[in-house]
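The values are calculated or read from the model by the stated rules, or taken from the named source; none is laboratory data. Please read all numbers here as calculations on a predicted model, not as lab measurements. Note that we place each Cβ from the backbone using ideal geometry, even for glycine, and neighbour counts take in every protein chain shown.
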Amino acid sequence: MPAKKPTKTSGIKDLVIRVCVGTGGLAAGSQEVIDEFGRQLKSYGIKADILKKCVNKTGCRGFCAKDVLVDVILNGKSETYQLITPENVARIVEEHILKGEPVKEWLVGPEYHAFHDKQTKILLKECGHIDPEDINAYINIGGYEAVRKIFPLETFEVIEEVRASGLRGRGGAGFLTGLKWDLCSKAEGKPKYIICNADEGDPGAFMDRSVIEGNPHSVIEGMIIGGYAIGANYGYVYIRAEYPLAIHRLKIAIADARKKGFIGKNILKSGFDFDIKIKEGAGAFICGEETALIASIEGKRGMPKAKPPFPAYKGLWGKPTVINNVETLANLPSIITKGAKWFASIGTEKSKGTKVFALTGKIKNTGLIEVPMGISLKEIIYDIGGGCERNRKFKAVQTGGPSGGCIPASHIDMPVDYESLMGAGSMMGSGGMVVMDDTTCMVDMAKFFLTFTQNESCGKCTPCRIGTKRMLEILTRITEGKGKEGDIELLLELGNDIKLSSLCGLGMSAPNPVLSTIKFFRDEYEAHIKEGVCPATVCKALRRYTVSAELCKMCGKCFKACPSAAVTWEKKQPAVIDKTKCIKCGACYEACPFSAIL
Amino acid sequence: MNLNVDETIGHIKEAISVSEKNRGVLIYTLQRVQQEMNYLPDHAMKMISEKLGIPLSDVYSTASFYKQFYFTPRGKKIVKVCTGTACHVRGASKVMEKLESEFDIKEGKTTPDLSMTLETVGCIGCCGLAPVATVNEYIVGEIDSAKIEEIIEAIKAE
């Protein structure tokens, strides 16, 4: 492109353009947007060497529904654009950057602010604001200060600080981090190990990936703190191979930290040696379980062992080992620099701090959120999430992934903390939060999760291997309209037995999705079995579509959506579905904005 | 293949025994061999077994446990349909059905001409863009009927 006539660029003293390049952003085309900014700015004679500084790649800021998000910070004033494509870039450069007039109609709307207002950001504070591939960006915001702060302290003082903060494991079970460290630090045996569990396998969860992609140094700093506290000189990050970008950024971060002397021999002349190695997983959900993860690092089949002995006493290669989740570790630098009191002031009596959730499913504002413990489900779903898509009726929210359960709309005022969720038959889990509306069938949902756990069951213990298989067969039968009287009772009995007798956390929690949906949505199971009807019209074998002439607004969307020409419609006439042509795909049902298809 | 066990295992080499080291690099070695050869042929498995001094049955036992490893050749294009929770509620099964019928293969299988392998993935972590599928490194989000054609073209493209 020939250089355009130089416009007045003298007014641009300080220009930063931030583009979201998390996995979500990249999939939405952020690289193309960055390239286009590069081309446009160059054509106006803003030199290429400035560009590198200007276009600042940031990690995930969580609002994936509106990707690609772009911040233009001109002379200290920041504006955020949403849903940006390369075609939009020219106008932004011309009107905003050169003339100082932001393109109003592309700026983020009130939902962007609503999405952020109720959140409390500790972990995600810097995600989306600093360059994750530049260690200096992290150091400039006070990074690695915590490491400097701990070295003059005795190890027990560090452990005491973490214990006083009330931090609990963010991987799901919620064990007190300080206590875990204390046990391991007192355990006999050398060397000791600290492992960062980044084997985020829950379908519908991507918190750990985003934290690593957005701020990898916070995780590394957390590992150094943990390593120092328990007396471990070696750390491992066990990470899913499905997260190539996170692995890439982590590798850069570890190399940079080593260059700066935060990792290696005699860190900051403290006499403490610490090194970190990345270990890529090989595709097994069960490896998120501590003992299975250890077996996998040792090069064995990733099968869990009976506990005790706990890894804190006998872990990796038989030595004392602490395994902490990504989010747990990333909390540590702030706890050390700001103090346990500060951290303990956030949250509820027993659940301290914040929790990151991946808010997904049938909700308007999907994305990554960080909220203080104890916030109500209602605030998350309506204030932050903006309610269900197309204003459908909110039915339930699933937390804790395949180990958790469904919480119905009637419990929407419930606070989100470890105990409350457990009490409702679900669990905190790693933080997936999948919202369901009236078009989601709860039996199908339970079947989905059980299919997953059944698939991922390692096969070592019988209750999990065979029990989940039998449960899945019963659920499949129900969704196919072949359910029998007594099936619900059988599911309950099997589920409770599996929970009691399985070896590891996977089996102990696998029946939760089924048990919790029976508890709250038993009528749906009964409708499938007794009446042969799927109330949400999801189960294919049970579907019969008809148009309600009363509700139909004659828009014709169902007619256009139908792939088998089964819908007849003319303008100003309600649509009609020909049952002989209908293939029960549900396209019309989903296309209808008025819920007129029953 | 050159394999330096000490270098691969890293700093930890000071702390563990030779057999622990050899065992510790097994999964990494399998990953690297598969990266080079696209799957794990018999002769490669034997070579790994000999090099690391781990019985062949044991090498197979470990490799077959993990979903990432394959013992038959794979297609040039690896198509993964995400079936994570968010993608599931937003219609991942329809994406799968469409691809299965278009290429006349079942999930988990490879076309006879080795042009593509169709499989599912637990979650690739961009639930905000559900439903999602990947064609090799290329991610397609918010798949609707128009985007599915785009995927089919991308698979067919050389």
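Listed here are the residues, each with its yes/no results for (1) touching a helix residue (DSSP H, G or I) at 6+ places or on another chain (Cβ under 9 Å); (2) buried (at least 24 other Cβ atoms within 10 Å of the Cβ); (3) away from chain B (no Cβ under 14 Å).
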residue: A:THR155; (1), (2), (3): yes, no, yes
residue: A:ARG170; (1), (2), (3): yes, yes, yes
residue: A:ASP182; (1), (2), (3): yes, no, yes
residue: A:MET207; (1), (2), (3): yes, yes, no
residue: A:SER218; (1), (2), (3): yes, yes, yes
residue: A:GLY222; (1), (2), (3): yes, yes, yes
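The set of residues in region A:189-201 that are more than 7 Å from chain B (Cβ to nearest Cβ) and either on the phi > 0 side of the Ramachandran plot or within 14 Å of the chain's Cα centre (by Cα) (or both) comprises A:GLY189, A:ALA198, A:ASP199, A:GLU200. Counting the residues of region A:157-178 that are more than 26 Å from the chain's Cα centre (by Cα) and either modelled with pLDDT under 95 or aliphatic (A, V, I, L, M) (or both) gives 3. Listed conditions (1) more than 15 Å from the chain's Cα centre (by Cα); (2) surrounded by 16 or more Cβ atoms within 10 Å (Cβ to Cβ) are all met by B:PRO112, apart from (2).
The residues listed here are A:SER410, A:SER403; of these, the one that is within 14 Å of chain B (Cβ to nearest Cβ) and at negative phi is A:SER403.
Let's see how each residue does on (1) at pLDDT below 95; (2) surrounded by fewer than 20 Cβ atoms within 10 Å (Cβ to Cβ); (3) of a type in the set (D, E, K, R):
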| site | (1), (2), (3) |
| --- | --- |
| A:VAL435 | yes, no, no |
| A:LYS447 | yes, no, yes |
| A:CYS464 | no, no, no |
| A:GLU493 | no, yes, yes |
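Just to be sure I understand the filter: pairs with C-beta atoms under 8 Å, separated by 6 or more residues or on different chains, first member in region A:543-564 and at positive phi, second member basic (Lys, Arg). Which pairs pass? Listed pairs, sorted by first residue: A:MET554/A:LYS571; A:MET554/A:LYS572; A:GLY556/A:LYS571.
For region A:460-489, the candidate set comprises residues that are in contact (Cβ under 8 Å) with a residue 60 or more places away in the chain and not in a helix (DSSP H, G or I); within that set, the residue that is nearest to A:SER403 (Cα to Cα) is A:LYS460. Checking region A:177-200 against the condition returns a match, with at least one residue being in contact (Cβ under 8 Å) with a residue 40 or more places away in the chain, out of contact with any strand residue (DSSP E or B) (no Cβ under 7 Å at 6 or more places or on another chain) and within 30 Å of A:PHE452 (Cβ to Cβ). Condition check for A:ASN233 on (1) facing chain B (nearest Cβ under 9 Å); (2) over 30 Å from B:ILE139 (Cα atoms); (3) surrounded by fewer than 20 Cβ atoms within 10 Å (Cβ to Cβ): one failure, at (3). In the set (1) part of a helix (DSSP H, G or I); (2) touching a residue at least 24 places away in the same chain (Cβ under 8 Å); (3) within 19 Å of A:SER43 (Cβ to Cβ), A:GLY100 fails one condition alone, (1). Every test in (1) away from chain B (no Cβ under 12 Å); (2) touching an Asp or Glu at 6+ places or on another chain (Cβ under 9 Å) is passed by A:GLY432 save one, and that test is (1). Here B:ILE12, B:ILE16, B:ILE48, B:ILE27 are screened, and the one residue that is crowded, with 17+ Cβ neighbours inside 10 Å and without any contact (Cβ under 8 Å) to a residue 12 or more places away in the chain is B:ILE16.
Restricting region B:6-15 to residues that are aliphatic (A, V, I, L, M) and touching a Pro at 6+ places or on another chain (Cβ under 9 Å) leaves a set whose member that is farthest from A:GLY318 (Cα to Cα) is B:ILE12. Out of A:ILE46, A:ILE97, A:ILE92, one residue alone is of a type in the set (Val, Ile, Thr), at pLDDT below 85, more than 25 Å from A:HIS248 (Cβ to Cβ) and not assigned by TED's automatic domain parsing to the domain that holds A:GLY386. It is A:ILE46.
Would you confirm whether or not region A:250-268 contains a residue that is more than 9 Å from every other protein chain (Cβ to nearest Cβ) and closer than 25 Å to A:GLY505 by Cβ? No, because not a single residue in region A:250-268 is more than 9 Å from every other protein chain (Cβ to nearest Cβ) and closer than 25 Å to A:GLY505 by Cβ. If the condition is being touching a Lys or Arg at 6+ places or on another chain (Cβ under 8 Å) and free of Cβ contacts under 8 Å to residues at least 12 places away in the same chain, then region B:30-45 contributes no residue at all.
The numbered conditions (1) surrounded by fewer than 17 Cβ atoms within 10 Å (Cβ to Cβ); (2) within 30 Å of the chain's Cα centre (by Cα) are all true for A:PRO535 except (1).
Only one entry of A:CYS588, A:CYS582 meets the criterion of being within 14 Å of another protein chain (Cβ to nearest Cβ), more than 15 Å from A:ASP444 (Cβ to Cβ), touching a residue at least 12 places away in the same chain (Cβ under 8 Å) and out of contact with any His (no Cβ under 8 Å at 6 or more places or on another chain), and that entry is A:CYS588.
Restricting attention to region A:564-590, the residues that are at pLDDT below 85, assigned to a loop (DSSP other than H, G, I, E, B) and in contact with a helix residue (DSSP H, G or I) (Cβ under 6 Å, 6 or more places away or on another chain) add up to 1. A:SER595 fulfils the conditions (1) assigned to a loop (DSSP other than H, G, I, E, B); (2) more than 33 Å from the chain's Cα centre (by Cα) except for a single criterion, (2).
Screening region A:281-400 for helices (runs of 4 or more DSSP H) wholly inside it with 1 or more residues that are within 14 Å of chain B (Cβ to nearest Cβ) returns the ranges A:290-297, A:326-338.
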